[in-house]
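**Q** Got a structure here, written out as structure tokens. Questions coming.
The values are calculated or read from the model by the stated rules, or taken from the named source; none is laboratory data. Note that the coordinates shown come from a computational prediction; the quantities given were computed from them, not determined experimentally. Backbone-built Cβ (ideal geometry, glycine too); neighbour counts: all protein chains shown.
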Amino acid sequence: MPLQNNHPLDEQTVTCFTTSFGSTPIAGVVRAPFRGVITKVGFVANLAWTGTLTITPSIIPAVADGVAPGSGTAITGGAFTMSATNSAPGSTNSAVPSGANFVNEDDVIRFVPSGATATSGTGTFYAVIQQA
């Protein structure tokens, strides 16, 4: 049995869901619960697809009510792809960011899927945040 990774106690995984990562992709967004550093981003698919699925995460700073949030800043080294080869429910991939990965409480982490073809392909995005 492989050894498990040790995870610090000040780390939390936040998740969000998309109702479509395929032909009509819908971004997923989740709130940062505290100030910290994103140490990993990933995706778990609930359906097989064709094409190459690309996930591009970004950080959108918290804004006042009634103010458009904008598109945010892409997380450096956070984008990743998933091949359709052997794609099935439970297919997963992740990336370890190399920069632009600091969040403040109430910032929004946005995951934008693109490139895949699937009918109503749902899935879960996640980010691991270590408290600063």
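Condition check ((1) farther than 16 Å from Arg31 by Cβ; (2) among the basic types (Lys, Arg); (3) in contact with a Lys or Arg (Cβ under 7 Å, 6 or more places away or on another chain)) across all residues:
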residue: Val41; (1), (2), (3): no, no, no
residue: Val44; (1), (2), (3): yes, no, no
residue: Ile59; (1), (2), (3): no, no, no
residue: Thr81; (1), (2), (3): yes, no, no
residue: Ala88; (1), (2), (3): yes, no, no
residue: Ser98; (1), (2), (3): yes, no, no
residue: Asn104; (1), (2), (3): no, no, yes
residue: Gly115; (1), (2), (3): yes, no, no
residue: Phe125; (1), (2), (3): no, no, no
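**Q** If we keep just the residues of region 120-132 that are touching a Phe, Trp or Tyr at 6+ places or on another chain (Cβ under 9 Å) and among the hydroxyl-bearing types (Ser, Thr, Tyr), which is nearest to Ser87 (Cα to Cα)?
**A** Thr122
**Q** Among (1) within 18 Å of Thr92 (Cα to Cα); (2) outside any strand (DSSP E or B); (3) aromatic (Phe, Trp, Tyr); (4) modelled with pLDDT of 95 or more, where does Phe21 come up short?
**A** Phe21 satisfies all of (1) within 18 Å of Thr92 (Cα to Cα); (2) outside any strand (DSSP E or B); (3) aromatic (Phe, Trp, Tyr); (4) modelled with pLDDT of 95 or more except (4).
**Q** Please enumerate the residues belonging to region 46-65 that are over 30 Å from Ala88 (Cβ atoms) and assigned to a strand (DSSP E or B). So that I can check it myself, show each step before the final result.
**A** Going through region 46-65, the residues over 30 Å from Ala88 (Cβ atoms) turn out to be 59-65.
If the condition is that a residue be over 30 Å from Ala88 (Cβ atoms) and assigned to a strand (DSSP E or B), then Ile59, Ile60 are the ones that fit.
**Q** Can you name the number of the only condition in (1) over 15 Å from the mean Cα position of the chain (by Cα); (2) modelled with pLDDT of 95 or more that Val67 fails?
**A** It fails just one condition, (2).
**Q** Select from region 48-77 the residues that are over 15 Å from Ile109 (Cβ atoms) and hydrophobic (A, V, I, L, M, F, W, C) and write down the one among them that is surrounded by the most Cβ atoms within 10 Å (Cβ to Cβ). Write out each step before concluding.
**A** The initial filter retains those residues of region 48-77 that are over 15 Å from Ile109 (Cβ atoms), namely 48-54, 64-68.
Restricting the remaining residues to those that are hydrophobic (A, V, I, L, M, F, W, C) gives 48-49, 53, 64, 67-68.
On the way: Ala48: 14, Trp49: 24, Leu53: 27, Ala64: 5, Val67: 8, Ala68: 6.
Residue satisfying both the conditions and the ranking: Leu53.
**Q** Something else: Would you mention how many residues in region 94-132 are surrounded by fewer than 19 Cβ atoms within 10 Å (Cβ to Cβ), assigned to a loop (DSSP other than H, G, I, E, B), in contact (Cβ under 8 Å) with a residue 40 or more places away in the chain and polar (S, T, N, Q)?
**A** Number satisfying all stated conditions: 4.
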